[in-house]
Amino acid sequence: MDITTGVRLHKIQTKKFKDIGISIRFQNTLERKTACARSLLALMLCDRSKHYDTKKKMSDEQDALYGATLNAQTAGYGSSQIIEIRSKIIHPCFVDEKEDILTEWLSFLKEILFSPLLSEEAFEESKHILLSKIKRMLDDPAQYVINECLKLAGKNTSLGISALGEKQNVEALCLDDVKKVYEDMIQHDQIDIMICGDIQEDMMETIASQLNFTPRKTAFESYYVAQNDLHAEVAQQYKNISQSYIMMTWFTNTSAVDKDYYALRVANAMFGQYSTSLLFQEVREKNSLCYSIFSNLISYDAALGVTTGIEKENIEKTRTLIMEQFERLKNGDFKDELMEVSKTMIINSLRASDDSMNSLIALAYQNTLLQRNYTSEDIISLIQKVTREDVLRVISRCELKQTLIVTKEDDAHDQEGE
């Protein structure tokens, strides 16, 4: 239901949980210049408000609400960046003050959203936390190689922009930058509010009346098909690390709403998503080149990535084996059993997700962005219908764009001395 223009309320009815969960998602265009300010804003929104102006007051209020949770994060959905405020509270039927607790919870959320404490002190604290997050990511070679490879492969596309933000851009931020993106978020973002749990209609009416945003006209894109002029580029970077890492990125040329998208999901599962996959069996099990290797769909950008950590002397052998498995899939050099097992793995994962509140909310939001209304059973049906020919067709569209190798710093010195 629409609360007002540009603000939608979604009910996910289920009796599986003793809690009620809410996810409030603000959608705007993913841009390098504002991504870091929005990430910083997400931290500040859940830190303090004008009324709950200390961390203790925030904590005490959540305790008074029977341990209500509150957190925020940013994420990229293709060409959009999302700020999500998420909270969970025990269902009113399990407490004496049945109506009061819901009203108090919504009042608390309203305070967080409409009266955040955007002070210099809170700004500096959150800035330090965000910079620490980015530093941890840069210091983790597995995360670093993914981030850097996507930045290279995503040249001139949204894929190349980090939704978390870049270190130098965060350092340059001032409080006014955050205040500006806050006003833009409250006034102009597309807003989707997902409520999950055993929800009665009067609860929906209460939520709609409490979270009274102003109307806004919005048209933000999310999914797209990434395109640029790169072709099988190879880059190498050096860091003081004990193990080398490889990330390879393909553009799939298949969007999240393409009729072949679910064939791509099966192809990805066969290629490297699970322990039954070609990559895991050939690179890890048969050749013992790594502890883990996996492929992952970046669906809203129409991209696919493969990541692994290996010893320096095995870099070229591993790259060759990865490409050999890709070519095997492309040429149909696989048993039907692999496809069927991969389908089963996806289906089991989908069925398990029905028992997770976060997964139900994620699916509801996915449906909203992709303008559809699929259940997990609908998706399972589409997975089951995928044929060998579908897999061959969809994998043949994939184009290798970028390989990034991150290895020990002393390798650079060795080469300079040759």
Item to check | Near-label residues of the stretch 286-318 by backbone N, under 20 Å of a point 7 Å along Cα→Cβ of Val234 | outcome: 289-290, 305-318
Checklist entry - How much of the accessible area of the stretch 316-418, in percent, comes from carbon and sulfur atoms when a 1.4 Å probe is used? => result 45
Item to check | Ratio Rg/Rh [Cα only; Rh per Kirkwood] for the stretch 33-80 | outcome: 1.10
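For the pairs Lys312/Lys401; Lys239/Lys401; Lys179/Lys401; Lys167/Lys239; Lys18/Lys259; Lys18/Lys133, flag any whose C-alpha to C-alpha distance is greater than 26 Å.
Distance filter (> 26 Å) returns Lys179/Lys401; Lys18/Lys259; Lys18/Lys133.
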Checklist entry - Roughly how many nanometres apart are two label points built 7 Å out from the Cα toward the Cβ at Ser349 and Asp60? => result 4.6
Checklist entry - Where does the chain land at 222 nm, in deg cm²/dmol rounded to the nearest 500, when only DSSP H runs of n ≥ 4 count, each adding -39500 (n - 2.57), divided by all residues? => result -14000 deg cm²/dmol
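Loop-only check: which GluC sites (Glu not before Pro) in the stretch 273-363 are DSSP coil with at most 16 other Cβ within 10 angstrom?
Passing sites in the stretch 273-363 are Glu311.
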Checklist entry - Magnitude of the Cβ-charge dipole of the stretch 1-158, K/R +1 and D/E -1, about the Cα centre, nearest 20 debye? => result 760
Item to check | Cα-based Rg / Dmax (Å) for the stretch 333-387 | outcome: 12.9, 39
Item to check | Spherically averaged projected area in nm², based on the convex hull that wraps the Cα atoms of the stretch 52-153 | outcome: 9.1
Checklist outcome for this item: Unit-weight point scatterers at every alpha-carbon of the stretch 194-300, Debye formula, q = 0.13, 0.17, 0.20 1/Å: log10 I(q)/I(0) is -0.79, -0.99, -1.15
Checklist outcome for this item: The distance between the Cα centres of the stretch 184-202 and the stretch 322-386, in whole Å, is 27
Item to check | Contour excess over end-to-end distance, with Cα ends at Glu221 and Leu392 and 0.36 nm allotted per residue | outcome: 58.6 nm
Next on the checklist: Projecting each Cα onto the charge dipole of the chain (Lys/Arg +1, Asp/Glu -1 at the beta carbon, about the Cα centre), which of Tyr182, Phe294, Leu369 comes out farthest on the positive side?
Outcome noted: Leu369
Checklist entry - Suppose every K and R has +1 on its Cβ and every D and E has -1 on its Cβ; what is the size of the dipole of the stretch 329-401 about the Cα centre, in Debye to the nearest 20? => result 300
Item to check | Percent carbon-and-sulfur accessible area, the stretch 97-174, ignoring ligands, DNA and RNA, probe 1.4 Å | outcome: 52
Checklist entry - Assigning unit charges at the beta carbon (Lys, Arg +1; Asp, Glu -1) and nothing else, what dipole magnitude in debye, to the nearest 20, does the chain show about its Cα centre? => result 600
Next on the checklist: Placing +1 on the Cβ of each Lys and Arg and -1 on the Cβ of each Asp and Glu in the chain, which of Val283, Ile191, Gln227 has its Cα farthest towards the positive end of the resulting dipole?
Outcome noted: Gln227
Checklist entry - Where only protein heavy atoms count, and the probe is 1.4 Å, what is the accessible area per residue for the chain in Å²? => result 45
Item to check | Of all DSSP beta bridges in the chain, antiparallel share, percent nearest 5 | outcome: 80
Item to check | Inter-part distance where the stretch 207-233 and the stretch 1-59 are each reduced to a Cα centre, Å | outcome: 16
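The values are calculated or read from the model by the stated rules, or taken from the named source; none is laboratory data. Every value quoted in this text rests on a predicted model; they were computed, and no experiment measured them. Because the Cβ atoms are built from the backbone with ideal geometry, glycine has one as well, and the counts that use them run over all protein chains shown. Accessible surface areas use protein heavy atoms only, side chains included; no ligands, DNA or RNA. Shrake-Rupley method; radii C 1.70, N 1.55, O 1.52, S 1.80 Å.
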